[in-house]
Structure formats: C-alpha cells, structure tokens
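Quick notes on the structure that follows.
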Amino acid sequence: MGVFDNLKDKATGAVDDHGDKVSDGLDKAGDFADEKTGGEHGDKIDKGTDFAKDKLDGLDGQDDDIQ
C-alpha cells in the first residue's frame with residue numbers, strides 16, 4: 001500500500017467518524033478566507049468549500065457523512 005493510499009484511508013476514517021467537525025472546519029476556513037479578502041471572493045470561496053465537502057464526503061463512495 002502506497003503513502004497516498006494510507007492517507008486516503010486515514011482521511012476516509014476521519015470523515016466517517018467526524019464528518020460534522022470536518023464540515024465545521026471547512027466552513028470556518030472559508031469564513032476566514034472570505035474575511036481576509038474583504039468579501040470580494042465570497043462566491044468563489046463558497047464554491048470551493050462546497051466542492052471540498054463533496055469530495056471528502058465521497059471518499060467512501062457514499063454521500064452520508066458531511067451535510
């Protein structure tokens with residue numbers, strides 16, 4: 001098993017066990033970035049946050065961990 005496979009397995013486990021905390025962390029990071037850019041890129045930041053949530057939630061092949 002390669003290094004990236006190991007990282008994917010750990011990320012999948014973390015999202016499965018703590019999807020709500022991962023979602024909250026992504027939201028906080030997006031809010032921080034939006035604040036630092038003065039709200040100029042809020043729509044792009046929101047799209048990026050949603051994209052990251054979708055990809056992390058789909059690591060196990062199911063969309064059930066991040067709301």
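The values are calculated or read from the model by the stated rules, or taken from the named source; none is laboratory data. Fair warning: this is a prediction, and the values are worked out from it, not measured in the lab. Heads up, the Cβs are rebuilt from the backbone with ideal geometry, glycines too, and the neighbour counts pull from every protein chain shown.
Only one of the listed residues (Gly48, Gly30) is modelled with pLDDT of 95 or more, closer than 24 Å to Phe4 by Cα and small (Gly, Ala, Ser). That residue is Gly48. Any residue in the stretch 20-41 that's closer than 18 Å to Asp54 by Cβ: show its pairings with residues that are among the charged types (D, E, K, R) and surrounded by 13 or more Cβ atoms within 10 Å (Cβ to Cβ) at Cβ separation under 7 Å, as long as the two are six or more apart or on different chains. Listed by first residue and then by second, the contacts come to Ser23/Lys53; Leu26/Lys53; Gly30/Asp46.
Residue-level check: of (1) in contact with a His (Cβ under 9 Å, 6 or more places away or on another chain); (2) in a helix (DSSP H, G or I), Asp65 misses just (2).
Once the stretch 1-20 is narrowed to residues that are in a helix (DSSP H, G or I) and aliphatic (A, V, I, L, M), the residue that is nearest to the chain's Cα centre (by Cα) is Val15.
Only one entry in Lys53, Lys36, Lys28, Lys21 is surrounded by 13 or more Cβ atoms within 10 Å (Cβ to Cβ) and of a type outside the set (A, V, I, L, M), namely Lys53. The set of residues in the stretch 1-16 being surrounded by 11 or more Cβ atoms within 10 Å (Cβ to Cβ) and not basic (Lys, Arg) consists of Asp9, Ala11, Thr12, Gly13, Ala14, Val15, Asp16. Tell me which of these Gln67 doesn't satisfy, since it passes every other one: (1) without any contact (Cβ under 8 Å) to a residue 40 or more places away in the chain; (2) in contact with a Lys or Arg (Cβ under 9 Å, 6 or more places away or on another chain); (3) not aliphatic (A, V, I, L, M). Against the list (1) without any contact (Cβ under 8 Å) to a residue 40 or more places away in the chain; (2) in contact with a Lys or Arg (Cβ under 9 Å, 6 or more places away or on another chain); (3) not aliphatic (A, V, I, L, M), Gln67 comes up short only on (1).
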